[in-house]
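All remarks here apply to the structure that follows.
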């Protein structure tokens, strides 16, 4: 097993992590003592470079390996592709024993995260196309059902507003903009 330790505070934490990794059976322990997201993690790069098929990357806890779930998914996918394993002492994760179930869960969560990104981008694009301000309460879909009934005289503007759950002035504004 190849160990990786990262300290976000004091060097004492790094020493404790390294000791725990050696007790767990790590032959080599790489470390980083920088916590900024902009700092290159040369210790992690070295640990990953040492890992080959059948090897395991061992960390004291998952937060020492990854700064976000996104990073964790990427590291898990990279290890899985290389037929390597991940061991986290605190979370008791050992992909050598669980037949890679952890990697499967990470892959599933990564797909869900990607799907959420697609949804968020679509909502953002719709907002940008609509312009600033709140979402209109009288949507085009609702208006397309009300407008012909108002035009035919079946509904008054006040009754249409009540059905749509908007103020009557909103209906009048919409009527004014559709006749222009």
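Computed from the coordinates by the stated procedures, all read-outs in this text should not be read as laboratory data. Predicted, not measured: the structure shown is a model, and the values here were computed from it. FYI the Cβ positions are ideal-geometry reconstructions off the backbone, even for glycines, and counts take in every protein chain you see.
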**Asked** What ranking, highest mean first, results for peptides 135-144, 41-50 when packing means the other Cβ atoms within 10 Å averaged over each residue?
**Response** 41-50, 135-144
**Message:** To make sure I understand, if each residue's beta carbon is the centre and we count other beta carbons within 10 Å, what order do 166, 29, 105, 123 fall in, fewest to most?
**Reply:** 123, 105, 166, 29
**Prompt:** Can you give the percent of C-alpha pairs in segment 140-179 whose distance is more than 17 Å?
**Reply:** 12 percent
**Prompt:** Label points 7 Å out from Cα along the Cβ direction at residue 24 and residue 137: separation in nm?
**Reply:** 5.6 nm
**Prompt:** What is the spin-label model distance, in nm, from residue 175 to residue 83 if the labels are put 7 Å beyond Cα along the C-beta direction?
**Reply:** 7.5 nm
**Message:** Going by average Cβ density within 10 Å per residue, which order do the peptides 57-70, 13-26 take, highest to lowest?
**Reply:** 57-70, 13-26
**Request:** Give the calculated FRET efficiency between residue 33 and residue 92 to the nearest 0.05, with a Förster radius of 25 Å applied to their Cβ-Cβ distance.
**Result:** 0.45
